[in-house]
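Structure first, commentary second.
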Amino acid sequence: MLEAFLHGFVLAFGLILPLGPQNVFVFNQGALQSNLIKALPVVITAAVCDTILITLAILGVSVIVLSFSWLQTIVYGIGFLFLIYMGWSIWKSAPSKDEQVESKMSAKKQMTFAISVSLLNPHAILDTIGVIGSNSISYTGLDKLVFTIACIGVSWIWFFSLAVAGSVLGRVDTTGKWMIRLNKLSALIIWLVAIFIGTELIISLFK
């Protein structure tokens, strides 16, 4: 069981560590909200989405769903358009202290965006299926359950930690200058991911 736990923990941590749209969004909300409690909707939603994806990947359900090429094309298309929109929203947001009140997202909007960046990111879905799903095949019974719990646990701990880190930056950055720079960088990262997804979309259309 210990081997299954360590395997799941290290594997999930390695997958979730790279800076992508999901991580950027959770961190930004932690920084922009007036306190950590108000950023909990995005943390919980992102973690729940990861829990669902990981569970489906380990059960093998998601492999069946994405075996349809037309469905993959739709996922890529929606993901590309949403990431372009999200990048623009973050780029033009005004995080200075006087304007933060107007730019803060409501709990409902946080949850909607979190669901979108979690479930409309094809690379994240394919990584979960291809890596976590395939690695879980070597386990059965209790070991498989422990492996699953370890993977899911990493997501919950990671997203909460990101929100805490963002909250710390938000309090330290009294002028809002660092948040402006962070937002520009975040938007560029999101657009870069969108370009990769757009490339995959074009390739899938001309196969």
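The values are calculated or read from the model by the stated rules, or taken from the named source; none is laboratory data. Just so you know, these numbers come straight off a predicted model, no measurement behind them. Virtual Cβ from ideal backbone geometry, glycine too; neighbours counted across all protein chains shown. Note: accessible area is taken over every heavy atom of the protein model, side chains too, but ligands, DNA and RNA are not part of it. Shrake-Rupley method; radii C 1.70, N 1.55, O 1.52, S 1.80 Å.
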Taking the stated definitions as given, is residue 116 at pLDDT below 70, part of a helix (DSSP H, G or I) and in contact with a helix residue (DSSP H, G or I) (Cβ under 6 Å, 6 or more places away or on another chain)?
-> no
From 138, 161, 134, 186, grab the single residue that is surrounded by fewer than 18 Cβ atoms within 10 Å (Cβ to Cβ), in a helix (DSSP H, G or I), modelled with pLDDT under 80 and among the polar types (S, T, N, Q).
-> 134
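Within region 60-71, restricting attention to residues that are open to solvent by less than 60 Å² (accessible area, probe 1.4 Å) and part of a helix (DSSP H, G or I), which residue is modelled with the lowest pLDDT?
Our first condition is that a residue be open to solvent by less than 60 Å² (accessible area, probe 1.4 Å); within region 60-71, this holds for 60, 62, 66, 71.
Of the ones still in play, those that are also part of a helix (DSSP H, G or I) are 62, 71.
Numbers: 62: 56, 71: 71.
Going through the qualifying residues, I end up with 62.
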In region 41-54, is there at least one residue being β-branched (Val, Ile, Thr), at pLDDT below 80 and touching a Ser or Thr at 6+ places or on another chain (Cβ under 7 Å)?
-> no
Sole exception among (1) at pLDDT 80 or above; (2) closer than 19 Å to residue 78 by Cα; (3) loosely packed, with under 14 Cβ neighbours inside 10 Å for residue 198, by number | (3)
Name, by its number, the condition in (1) open to solvent by 80 Å² or more (accessible area, probe 1.4 Å); (2) of a type outside the set (Phe, Trp, Tyr); (3) at pLDDT below 75 that does not hold for residue 145.
-> (3)
